[in-house]
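One structure is given here, and the rest of the page talks about it.
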């Protein structure tokens, strides 16, 4: 398919990174296949993750098509860009349509990006994962690529004022070895494996980022188990539950 929008968007993002003095590092891009379909499954810590996780594919010469909430596609500014980059809208009330669209893209040789946690993790650990990423890989016969991103939470995350102007931020992206997802394998077990691999990759990024909590600092942006002040997973779930109750709705269904 023709990509007239994607390359200029990438160029604009790279320019923004440079102007802000951002240090963006991608490791493991060699695990992204040069051709053919692949499911890129990323953890989720910020509203900017589709940009950073997408760089994992871009570094390998691929342009991932991300599955994202359909409300983003209705945005006056973001909508035309998302459609122009051929991303995939997800209607949570009619998820089968987006699953079929993503499956078609994979079978056509595209890299499809998905956030199996479905929502941002306030604890900056990997939440329980939905089964969609694994089911897409199994149904399409394509590799499942675990991807961890870290750094965007300091710029724009859930429950915090966004900061898109501070200079010198570090963003780390890591692509793990592909997870084989044959059609006959236990999908639940593969989903647990995916979560474990994502957490391992994320722990590594969190431990080696230059941005570490300092004594006396309110390090809300770093996980509690590594010395930060972010909510624990249990506290984060309580906050999410309170949000759901305030909105008067049930927990969001899987994005597949």
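Each reported figure results from applying straightforward, stated rules to the coordinates on display, with no laboratory input. All figures in this text were calculated on a predicted structure; none of them were measured in a lab. FYI the Cβ positions are ideal-geometry reconstructions off the backbone, even for glycines, and counts take in every protein chain you see.
Observations on the structure shown:
- Where Rh is the Kirkwood radius over Cα pairs, Rg/Rh for the range 115-256: 0.99
- Reducing the range 47-95 and the range 141-164 to their Cα centroids gives an inter-centroid distance of 13 Å.
- Förster radius 30 Å - calculated FRET efficiency between residue 101 and residue 156, Cβ distance, rounded to 0.05: 0.65
- Altogether, the Stokes-Einstein calculation at 4 °C and 1.567 mPa s, with the Kirkwood radius of the range 135-195 over Cα pairs as Rh, returns a diffusion coefficient of 92 µm²/s.
- When the square roots of the Cα gyration tensor eigenvalues are ordered a ≥ b ≥ c, the ratio a/c for the range 1-58 is 1.5 or more and a/b does not exceed b/c, which makes its shape oblate.
- Summarised as an ellipsoid, the range 6-216 has semi-axes of 26, 20, 17 Å, derived from the eigenvalues of the Cα gyration tensor scaled by 5 and square-rooted, with the largest first.
- Spatial separation of Cα centroids for the range 183-224 and the range 1-42, in angstrom: 21 Å
- Among 170-179, 38-47, the order from most to least packed when residues are scored by Cβ within 10 Å on average: 38-47, 170-179
- Modelled label positions at residue 186 and residue 128, each set 7 Å beyond Cα in the direction of Cβ, lie 1.7 nm from each other.
- Shape category assigned to the range 1-112 from the gyration tensor of Cα positions, a/c cut at 1.5: oblate
- Pairwise FRET efficiency - residue 91 versus residue 25, Cβ, R0 = 35 Å, nearest 0.05: 0.50
- Relative contact order (percent, whole number), the range 141-212, Cα cutoff 8 Å, 6+ residue spacing: 44 percent
- The three principal axes of the C-alpha atoms in the range 162-220 carry coordinate ranges of 50, 23, 21 Å, sorted with the longest axis first.
- Burial ranking of peptide ranges 2-10, 145-153, 218-226, 112-120 (average Cβ count within 10 Å, highest at the top): 145-153, 112-120, 218-226, 2-10
- Sum of -39500 (n - 2.57) over DSSP H runs of 4+, divided by residues of the chain (222 nm, nearest 500): -11500 deg cm²/dmol
- Across the range 6-216, the mean sequence separation of Cα contacts (distance under 8 Å, 6 or more residues apart), normalised by length, yields a relative contact order of 30 percent.
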